[in-house]
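Here's the structure we're looking at; comments come further down.
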Amino acid sequence: MLNMRNTTIALAGVIALLAWWHAPWYGYVLAVAGYTLPLAWGSYHIGSNFYIDVITKGPGGATGARAIALTFDDGPANQYTPEILDILKEKDAPAAFFCIGKNIPGRENLLRRIHDEGHLVGNHSYSHHFWFDLFSTRHMRADLRQMDAAVRAVTGLTPRLFRPPYGVTNPNLAKAIRKEGYTPIGWNVRSLDTVINDPVKLRKRIEKALRPGSIVLLHDTIDATLVMLPQLIDGARAAGYAITRLDKMCNIAPYA
Ligand SMILES: [Zn+2]
């Protein structure tokens, strides 16, 4: 299995061989350069489980359940969280919202609405800072706890599911997740809704990728997502999928 530990063991093995062979200095440079490639790959592939085991799908077909879970990142947002909640309510479809803490002040009612209407609230960091991945473990832990406190102040519940900002994982974040006791959540259907602005193309891309147990990554800040959501839900149901809440599909505790 390609993960941080095995990659480091492999590097140690290669360096021992280079020493045995009395390899020139550039042999070591090449070995270390080669070592960084899987590390970078692991950072940017949330399903790689390179630094930490991340949940990226439900049990799926093996259990006979044809369920999928919709997840929305980066809210609560004035555009388009309320409209998305309206659609989910009309379609009686539960979802998970991985909210950004700094978006909550002034939008407490919106967060309360997400919770009251039966959706899950997850932690997507407080700052969603561009350089979040370069934070120290201590700084990350403080940021995540600040987000938990913002949710707790509104709903009385402390999120236990955490989705890394930008989907990036690294050793500091893995440590922060373990120390704070979060269950890290990824996805296996990346809608690319922040990039594809044609709602039909977006929906077709998602529909093609759906499998039993799929976790679909969407954003409640995107116009195309709002536009295609009703047809996405209807289409998935017509294809025999049940829209389930992430924690139920994966049988994990959503709150402390
Ligand atoms: Zn995000």
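Condition check for residue 187 on (1) away from the ligand (no atom under 14 Å from the Cβ); (2) at pLDDT 95 or above: one failure, at (1). For segment 1-39, enumerate the residues that are within 26 Å of residue 179 (Cβ to Cβ), open to solvent by 50 Å² or more (accessible area, probe 1.4 Å) and part of a helix (DSSP H, G or I). Answer for segment 1-39, where residues must be within 26 Å of residue 179 (Cβ to Cβ), open to solvent by 50 Å² or more (accessible area, probe 1.4 Å) and part of a helix (DSSP H, G or I): 4, 5, 6, 8, 9, 36.
When 141, 113 are checked against the criterion of being among the basic types (Lys, Arg), more than 15 Å from the ligand (Cβ to nearest atom), in contact (Cβ under 8 Å) with a residue 12 or more places away in the chain and touching a Pro at 6+ places or on another chain (Cβ under 9 Å), a single residue qualifies: 113. Among the residues of segment 75-101, those identified as within 15 Å of the ligand (Cβ to nearest atom), crowded, with 21+ Cβ neighbours inside 10 Å and of a type outside the set (Phe, Trp, Tyr) are 75, 76, 81, 96, 99, 100, 101. Out of all the residues in segment 50-61, is one or more farther than 25 Å from residue 252 by Cα, open to solvent by 30 Å² or more (accessible area, probe 1.4 Å) and more than 16 Å from the ligand (Cβ to nearest atom)? No, every residue in segment 50-61 fails to be farther than 25 Å from residue 252 by Cα, open to solvent by 30 Å² or more (accessible area, probe 1.4 Å) and more than 16 Å from the ligand (Cβ to nearest atom).
With 148, 220, 247 as the choices, which residue is modelled with pLDDT of 95 or more, closer than 28 Å to residue 49 by Cα and within 14 Å of the ligand (Cβ to nearest atom)? Can you show your working first?
Working: 148 fails: within 14 Å of the ligand (Cβ to nearest atom); 247 fails: within 14 Å of the ligand (Cβ to nearest atom).
Going through 148, 220, 247 in turn, just one is modelled with pLDDT of 95 or more, closer than 28 Å to residue 49 by Cα and within 14 Å of the ligand (Cβ to nearest atom): 220.
If the condition is being buried (at least 17 other Cβ atoms within 10 Å of the Cβ) and either basic (Lys, Arg) or more than 16 Å from the ligand (Cβ to nearest atom) (or both), then segment 190-204 contributes 190, 196, 199, 202, 203.
Can you name every residue in segment 134-166 that is more than 24 Å from residue 105 (Cα to Cα) and within 19 Å of the chain's Cα centre (by Cα)? Reasoning before the result, please.
Applying the first criterion (more than 24 Å from residue 105 (Cα to Cα)) to segment 134-166 yields 134, 136-137.
Of everything in segment 134-166, those that are more than 24 Å from residue 105 (Cα to Cα) and within 19 Å of the chain's Cα centre (by Cα) turn out to be 134, 137.
When you look at residue 129, is it surrounded by fewer than 18 Cβ atoms within 10 Å (Cβ to Cβ), within 16 Å of the ligand (Cβ to nearest atom) and modelled with pLDDT of 95 or more, yes or no? When the stated conditions are applied, residue 129 passes them. Restricting the search to segment 47-87, which residues are part of a helix (DSSP H, G or I) and either of a type in the set (Phe, Trp, Tyr) or at pLDDT 90 or above (or both)? Listed by number, the residues that qualify are 81, 82, 83, 84, 85, 86, 87.
The values are calculated or read from the model by the stated rules, or taken from the named source; none is laboratory data. These numbers were taken from a predicted model, which means no experiment stands behind them. As a convention, Cβ positions derive from the backbone with ideal geometry for all residues, glycine included, and neighbour counts pool all protein chains shown. Surface areas here come from the heavy atoms of the whole protein model, side chains and all, with no ligands, DNA or RNA. Shrake-Rupley method; radii C 1.70, N 1.55, O 1.52, S 1.80 Å.
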